[in-house]
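Student: One structure coming up, written as structure tokens, with questions to follow.
The values are calculated or read from the model by the stated rules, or taken from the named source; none is laboratory data. Values in this document were obtained by computation on a predicted structure and should not be read as measured data. All Cβ positions, glycine included, derive from the backbone under ideal geometry; neighbour counts span all protein chains shown. Just so you know, the surface numbers come from the protein's heavy atoms only, side chains and all, with ligands and any DNA or RNA stripped out. Shrake-Rupley method; radii C 1.70, N 1.55, O 1.52, S 1.80 Å.
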Amino acid sequence: MNNHLSQLQDRIARSDSMIECLRAWCDEFGVALGAMRSDHAPDSGRKPAGDDAMDQLRPQAGESVVHRGVTLFRGDADLLDADSWYIPERLPEAVNKLLTLTDTPFAEALPSKGQTRQTVLLQRSKSLRDDVEGPSGEDDPTRPLLTVQAVITLDGVPVCFVEERLHARLVAGLAQPA
């Protein structure tokens, strides 16, 4: 568990795309099969931006900060829950329509050219038992395993602050290397 968790943390820290990182992880370890997709969370649009989000986004007069909550799936397996706060005035109109009318993951709604992602926090969740055997995750494979905060920019301008809570199923039951 600990080795896999450390590997996953390292990959996330080096990745420009959480979706691509998790797709590769799932392929390598057989965690889940199928297409990546997201579904709106029941509280989507209702969470106010915290100080971390506001400090990273630095909205200007006349700009709004919008919340969007989603769960990211691969096939039927839910991999993470995410809360994103973004500034629609900084996005192309087509992107705003996708974000408003569909469940398209935020980073996939943006044009790939000019998009960057910078991880600002990557930590093991406090609820994680970090002993030699590690948690199996069998009891609740959706419990938080890692918390990641990142800023997504478009052409160097911060457009989104995201907090992702990765589920234990990503490492639960993986065989330890010999």
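Student: Which of the peptides 154-162, 96-104 is most tightly packed, and how do the rest follow, judged by the mean count of other Cβ atoms within 10 Å per residue?
Tutor: Highest to lowest by the protection proxy: 154-162, 96-104.
Student: Tell me the label-point distance for the pair residue 118, residue 60, using the 7 Å Cα-to-Cβ offset, in nm and rounded to one decimal.
Tutor: 1.8
Student: Using the Cα centre as the reference, give the magnitude of the dipole from point charges on the C-beta atoms of segment 85-126 (Lys, Arg: +1; Asp, Glu: -1; all else neutral), rounded to the nearest 20 debye. Intermediate results must be reported in sequence, preceding the final value.
Tutor: Numbers: 6 positive and 4 negative charges, 61 e Å.
With only Lys, Arg, Asp and Glu charged at Cβ, the dipole is about 300 debye.
Student: Where nothing but the Cβ of Lys and Arg (+1) and of Asp and Glu (-1) is charged, how large is the charge dipole of segment 18-110 around its Cα centre, in debye to the nearest 20?
Tutor: 220
Student: Hey, can you find the accessible area per residue of the chain for me, probe 1.4 Å, expressed in square angstrom?
Tutor: Ligands and nucleic acids excluded, the result is 51 Å² per residue.
Student: Let me ask something else. Could you order peptides 85-92, 22-29 by the average number of other Cβ atoms within 10 Å of their residues, highest first? Walk me through the numbers before you get to the answer.
Tutor: On the way: 85-92: 19.1, 22-29: 16.8.
My ranking of the peptides, most packed first, is 85-92, 22-29.
Student: If you work out Cα Rg over 2.2 N^0.38 Å from the coordinates, which of (i) 1.04; (ii) 1.11; (iii) 1.22 do you get?
Tutor: So the calculated entry is the one marked (i).
Student: For the chain, what is the mean residue ellipticity at 222 nm derived from helices alone (per DSSP H run of n ≥ 4: -39500 (n - 2.57); sum divided by total residues; nearest 500 deg cm²/dmol)?
Tutor: Helix contribution divided over all residues of the chain: -7000 deg cm²/dmol.
Student: Oh, and also: Between residue 100 and residue 3, what is the FRET efficiency for a Förster distance of 45 Å, r being their Cβ-Cβ separation, to the nearest 0.05?
Tutor: After rounding, the FRET efficiency stands at 0.60.
Student: Also, quick follow-up: Modelling each spin label as a point 7 Å along the Cα-to-Cβ direction, I'd like the residue 33/residue 155 distance in nm, to one decimal.
Tutor: 4.3
Student: About the Cα centre, and with charges only on the beta carbon of Lys, Arg (+1) and Asp, Glu (-1), how big is the dipole of the chain? Nearest 20 debye, please. If you can, show how the numbers build up before the last one.
Tutor: On the way: 19 positive and 28 negative charges, 53 e Å.
Dipole magnitude for the chain comes out near 260 debye.
Student: Estimate the FRET efficiency between residue 108 and residue 14 by the formula 1/(1 + (r/R0)^6), using the beta-carbon distance for r and 22 Å for R0, to the nearest 0.05.
Tutor: For residue 108 and residue 14, the calculated efficiency is 0.65.
Student: Ignoring ligands, DNA and RNA, what percent of the accessible area of the chain is carbon or sulfur (1.4 Å)?
Tutor: That fraction is 49 percent.
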